[in-house]
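K.L.:
I'd like to ask you about the structure that follows.
The values are calculated or read from the model by the stated rules, or taken from the named source; none is laboratory data. Quick caveat, the model's predicted, so the values are computed rather than measured. Positions of Cβ are backbone-derived with ideal geometry, glycine not excepted, and every protein chain shown enters the neighbour counts.
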There are 2 protein chains.
Amino acid sequence: MQASEGVQVKPGQSPGEAAILSAGVRLFAEQGFDGVSMRGVAQAAGVSKANIYHHFSSKEALYLAILQASAAETAALIENLADGAGGFDERLKEFSKAYQQHLFDRHLSSRLLLREALLGDDKKGKKIADQVVGNVFRRMISILRAGQEAGVLREDLDPALCAFLLMGANAFFFQAQGILKHFPEAGFAREGDCFSDGMVEVLLHGMLNQTGGVADQERAS
Amino acid sequence: MQASEGVQVKPGQSPGEAAILSAGVRLFAEQGFDGVSMRGVAQAAGVSKANIYHHFSSKEALYLAILQASAAETAALIENLADGAGGFDERLKEFSKAYQQHLFDRHLSSRLLLREALLGDDKKGKKIADQVVGNVFRRMISILRAGQEAGVLREDLDPALCAFLLMGANAFFFQAQGILKHFPEAGFAREGDCFSDGMVEVLLHGMLNQTGGVADQERAS
DNA sequence: TAACTGACCGACCGTACGGTCAGTTTTAAG
DNA sequence: CTTAAAACTGACCGTACGGTCGGTCAGTTA
């Protein structure tokens with residue numbers, strides 16, 4: 001049994017409140033807002049239902065608190081991803097690997113945020129867009145634009161589309177983890193880093209054999 | 001007001017049952033299983049709640065019927081996607097465009113299936129994996145493998161990973177449609193076919209400028 | 001000791017849920 | 001027209017829901 005994820009006891013936080021948040025993030029991530037009952041949270045947290053309402057004014061308030069904690073934590077950890085040094089290739093490779101690692105390390109928070117961002121109503125979706133992915137997305141775009149000015153990245157490509165591809169491929173791979181288990185062909189989903197490396201390789205150099213280049217020999221090493 | 005999606009009146013189907021299925025697929029797609037009440041379905045369908053139980057034995061049974069109808073329809077339409085003629089590039093391009101078109105045309109069914117496949121429990125996820133995406137995924141893999149044997153596709157790439165990238169990018173783009181509206185940078189999400197074309201271009205030829213090739217001039221045309 | 005506070009609980013309230021049933025209307029074949 | 005099955009309905013049932021309330025208890029301050 002590993003420690004609960006994403007909810008460390010903060011100063012001024014009673015153990016009951018911490019238990020509520022810890023149980024809540026797990027249940028909401030697994031079953032969604034409507035699939036979770038306050039009785040279920042109380043039981044999982046080992047506290048009374050009334051105690052939850054002592055700390056949070058409503059189910060919605062509890063959900064938002066958990067959502068915001070997850071968003072803040074994810075945003076903070078993700079902020080540092082794009083700062084790596086090295087060449088263009090290596091930076092993208094490192095970013096992708098670190099982003100994927102983060103998704104799996106904080107899988108409860110990630111699942112919760114993805115759920116809300118992709119399936120939630122527009123209001124909450126916009127909030128997540130602004131608070132969590134917005135900065136990283138824009139940063140990634142600016143990195144790609146710099147790559148274009150340096151002549152490394154093709155100028156005929158939309159940097160926003162490339163950024164979306166890079167982040168979206170990781171996010172979707174994380175989402176599809178469960179269903180990929182059912183496909184024996186998807187060996188890339190079983191070994192860590194295998195997907196991220198292969199994905200970045202495809203995004204950078206393409207799937208096709210280049211007809212007149214020397215890149216093939218370089219890749220073979 | 002456009003016609004309801006994905007639920008055509010079949011022979012032996014009363015108008016009430018058709019209305020129930022039509023309302024159900026919309027509500028379940030928008031709000032998920034737990035967010036929908038039978039009273040809500042009845043009201044949206046313009047029938048009594050008891051009438052639903054005349055046609056379906058339970059809420060779960062109604063949901064499964066809708067899910068299976070969506071799955072069958074999606075599977076049938078998708079089966080014909082991989083049969084296109086032409087060169088390797090064109091086939092993949094056409095497949096991607098048609099798949100994306102299908103996602104948006106049948107957005108309710110697609111949303112429902114993606115929801116269930118990515119967030120549902122393992123049992124239902126496996127069912128969808130087998131009945132809907134399984135065949136297409138395997139077909140796509142075999143096409144890519146043929147591309148490898150023909151020397152068009154790089155041999156050092158995992159065909160399954162490439163297939164997953166191609167289909168996953170489209171699926172995630174469809175899922176992220178709502179949140180992409182909030183990003184002014186994401187112009188590629190506003191114009192039809194723009195994403196699919198750009199995405200396939202990146203997947204085929206890569207993001208990087210090829211150092212010693214002649215492909216750049218070809219692409220510029 | 002007395003006053004006060006925040007954490008916590010069991011019992012309860014009104015409501016909406018999934019589901020049932022007796023009975024009515026519609027449909028269509030004989 | 002008769003009749004039986006199918007379509008359909010309003011009223012109802014038991015339950016679980018989100019939320020409230022009065023009160024207990026440990027710890028702090030004065």
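K.L.:
Could you grab me the full set of residues in region A:36-63 that are within 18 Å of A:Glu116 (Cα to Cα) and either in contact with a strand residue (DSSP E or B) (Cβ under 9 Å, 6 or more places away or on another chain) or surrounded by 15 or more Cβ atoms within 10 Å (Cβ to Cβ) (or both)?
P.N.:
Within region A:36-63, A:Val36, A:Lys59, A:Leu62, A:Tyr63 qualify.
K.L.:
Among the listed residues A:Asp89, A:Asp130, identify the single one that is crowded, with 16+ Cβ neighbours inside 10 Å, within 12 Å of another protein chain (Cβ to nearest Cβ) and modelled with pLDDT under 90.
P.N.:
On the way: A:Asp130 fails: crowded, with 16+ Cβ neighbours inside 10 Å.
Just a single option satisfies the conditions, and that option is A:Asp89.
K.L.:
Right, next: In the set B:Lys93, B:Lys126, B:Lys97, which member is free of Cβ contacts under 8 Å to residues at least 40 places away in the same chain and among the charged types (D, E, K, R)? Steps first, please.
P.N.:
Details: B:Lys93 fails: free of Cβ contacts under 8 Å to residues at least 40 places away in the same chain; B:Lys97 fails: free of Cβ contacts under 8 Å to residues at least 40 places away in the same chain.
From the options B:Lys93, B:Lys126, B:Lys97, the qualifying one is B:Lys126.
K.L.:
Further question: Quick one: count up the residues across region A:23-53 that are under 26 Å from B:Glu30 (Cα atoms) and either in contact with a Ser or Thr (Cβ under 8 Å, 6 or more places away or on another chain) or of a type in the set (Gly, Ala, Ser) (or both).
P.N.:
Counting residues in region A:23-53 that are under 26 Å from B:Glu30 (Cα atoms) and either in contact with a Ser or Thr (Cβ under 8 Å, 6 or more places away or on another chain) or of a type in the set (Gly, Ala, Ser) (or both) gives 8.
K.L.:
Filter region A:8-58 down to residues that are away from chain B (no Cβ under 14 Å), more than 11 Å from DNA strand C (Cβ to nearest atom) and of a type in the set (Ser, Thr, Tyr) and give me whichever is nearest to B:Phe33 (Cα to Cα).
P.N.:
Of everything passing the filter in region A:8-58, A:Ser58 is nearest to B:Phe33 (Cα to Cα).
K.L.:
Let me ask something else about it. If a residue must be near DNA strand D (Cβ under 9 Å from one of its atoms) and in a helix (DSSP H, G or I), how many such residues does region A:43-77 contain?
P.N.:
10
K.L.:
Can you list the helices (runs of 4 or more DSSP H) found entirely within region A:156-212 that contain at least 3 residues being within 7 Å of chain B (Cβ to nearest Cβ)?
P.N.:
Numbers: elements: A:159-175, A:177-180, A:194-205.
Helices (runs of 4 or more DSSP H) meeting the threshold: A:159-175, A:194-205.
K.L.:
Scan region A:145-187 for residues that are under 27 Å from B:Gly134 (Cβ atoms), surrounded by 20 or more Cβ atoms within 10 Å (Cβ to Cβ) and in contact with an Asp or Glu (Cβ under 8 Å, 6 or more places away or on another chain) and jot them down.
P.N.:
Of everything in region A:145-187, nothing turns out to be under 27 Å from B:Gly134 (Cβ atoms), surrounded by 20 or more Cβ atoms within 10 Å (Cβ to Cβ) and in contact with an Asp or Glu (Cβ under 8 Å, 6 or more places away or on another chain).
K.L.:
Exactly one of (1) within 15 Å of the chain's Cα centre (by Cα); (2) surrounded by fewer than 22 Cβ atoms within 10 Å (Cβ to Cβ); (3) within 12 Å of chain B (Cβ to nearest Cβ) is unmet by A:Leu112. Its number?
P.N.:
All conditions are met except number (2).
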